[in-house]
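Down below is the structure, laid out as C-alpha cells.
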Amino acid sequence: MIASAASSALAVDGDAQRAAMAYFEKEVRPILVKRCFECHSDTKQKGGLRVDHIGYLKSGGDTGPALVPGKPEESALIEAVRYANEDFQMPPKGKLPDAEIAVLERWIQTGAAWPEDAAKKIVVTEGGFTAEQRNYWFFQPVKIAAPPQVESAWVRNDIDRFVAQKQVELKLSPAPEADRHELVRRVYFDLHGLPPTIAQLDAFVQDQDPLAYEKLVDELLASPRYGERWAQHWLDLVRYAESDGYNQDAYRQHVWPYGTTSSNRSTMTSPTTSLSASRSRVTRSPGGSERAHRHRVFASSGL
Ligand code: HEC
C-alpha cells in the first residue's frame, strides 16, 4: 500500500500532487509544529537542526542529513522518533503516538512533499518586499489579455471564459445555474447584507422584463441600505463606536452624525480615499466654530 502511494505521489500528475500537499498540510506539518518546533525552528536549532523547511531537513544538523526523501529507513528523523536507539530519541521528553510516527514514515516514503512556495528561499528586495509580494496581481500593470477559447454551455461573456478555463484546469464542473429565487436572495445578500422580503422576492421572480436583473441591481445600489452595508466596514476600520464600552462606559453624544455621514457617502459611491481625506482634514483643522469642533469630534472619536 505504501509502495503504491509512493509511486502515485511521485508522479507528475496534478491530482496526486495536490493530494500529497493536502496530506502534508493536514497530517505532517501539524506534527512538526507541535512536536519539534520548540527546539528545531527559527529560535532554537538543537543539534544544529531546523525542521521548518524541507531544505533544512535534507541538509540536516550536526551529524548529517535528517531526511532522505523516499527512504524512511535512511532518515535520522525516523530513527529518532521510533525510539529504537537509546541515545537518540526525539522528542526527548516522550515518544510520539504510533499514528504520528506512521504519518511521518508515510510522508517520507512517498517523497516528502513540501509546498513549492515555502521551499523557495525568501529574498527581500528593495523596499522590503519579496518577489512573491511584487508579483501579486494587484501590482501588475494593466494589459489587454485575449480571453481563452473555451467551449462551455454556461459561458456568456469574456469574463466567464476566464472562469471556465480555470474550471477546466482544476477539473471542476460548474454548479447548476441559480433559479430566480436563488438569484434574488444572492443579490440582496451581496449588496444589502440581508435577505429580500417575500414581497421583494415575488416582485423579482414575477418580473417579465428581460432586464429585470439589471434593474434590480441598479435599484439596490441606489438604496440607502447599500450605503449602510459598506459604511459598516468603513466604520469598523476607523473603530467607530458610540460609547466606550465595557466597564467604564460613557456615551459619545456627538458621534452619531459621523456614522450617518459615512453611510450616506457610501451610497453616493464616494471612494474610501475621499472619506479618508476628509477625515484627516477635519482631524487637523484648527479650533473655532462649533461646527468645526463637532467635525473633529466625529473624526477622532472613531479612533
Ligand atoms: C525539547 C527539545 C527537543 C524537541 C521537542 C525535539 N528535539 Fe530533536 N534534538 C534536540 C536536541 C537537544 C538535539 C541534539 C542532541 C541530541 O542529538 O540528542 C536534537 C537532535 C535532533 C536530530 C539530530 C540532528 C543532528 O544532525 O545531530 C534530529 C534528526 C532531531 N532532533 C529530530 C527531531 C524531531 C523530528 C523532533 C519532533 C518530532 C524533535 N527532534 C523534537 C532537542 C529536541
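Kindly establish whether GLY70 is at positive phi and within 6 Å of the ligand (Cβ to nearest atom). In short, no. For segment 110-117, the condition of being modelled with pLDDT of 80 or more and within 16 Å of the ligand (Cβ to nearest atom) holds for at least one residue.
Of the residues that make up segment 255-262, is at least one buried (at least 16 other Cβ atoms within 10 Å of the Cβ) and either under 30 Å from ARG180 (Cα atoms) or touching a residue at least 60 places away in the same chain (Cβ under 8 Å) (or both)? No, every residue in segment 255-262 fails to be buried (at least 16 other Cβ atoms within 10 Å of the Cβ) and either under 30 Å from ARG180 (Cα atoms) or touching a residue at least 60 places away in the same chain (Cβ under 8 Å) (or both).
Can you list the helices (runs of 4 or more DSSP H) found entirely within segment 181-244 that contain at least 2 residues being under 29 Å from THR261 (Cα atoms)?
Values: elements: 198-206, 212-222, 224-237.
Per the criteria, 212-222, 224-237.
Of all the residues in segment 74-112, those that are more than 36 Å from the chain's Cα centre (by Cα) and under 18 Å from VAL28 (Cα atoms) number 2. A count restricted to segment 90-109 and to residues that are assigned to a loop (DSSP other than H, G, I, E, B) and within 9 Å of the ligand (Cβ to nearest atom) stands at 5. When LEU57 is tested against (1) at pLDDT 90 or above; (2) more than 10 Å from the ligand (Cβ to nearest atom); (3) surrounded by 13 or more Cβ atoms within 10 Å (Cβ to Cβ), exactly one condition is not met: (2).
Residues that are within 33 Å of the chain's Cα centre (by Cα) and acidic (Asp, Glu) within segment 196-248 comprise GLU214, ASP218, GLU219, GLU228, ASP236, GLU242, ASP244, listed in sequence order.
The values are calculated or read from the model by the stated rules, or taken from the named source; none is laboratory data. Nothing here was measured: the structure is a model prediction, and the numbers come from that model. We place every Cβ from the backbone using ideal geometry, glycine too, and count neighbours over all the protein chains shown.
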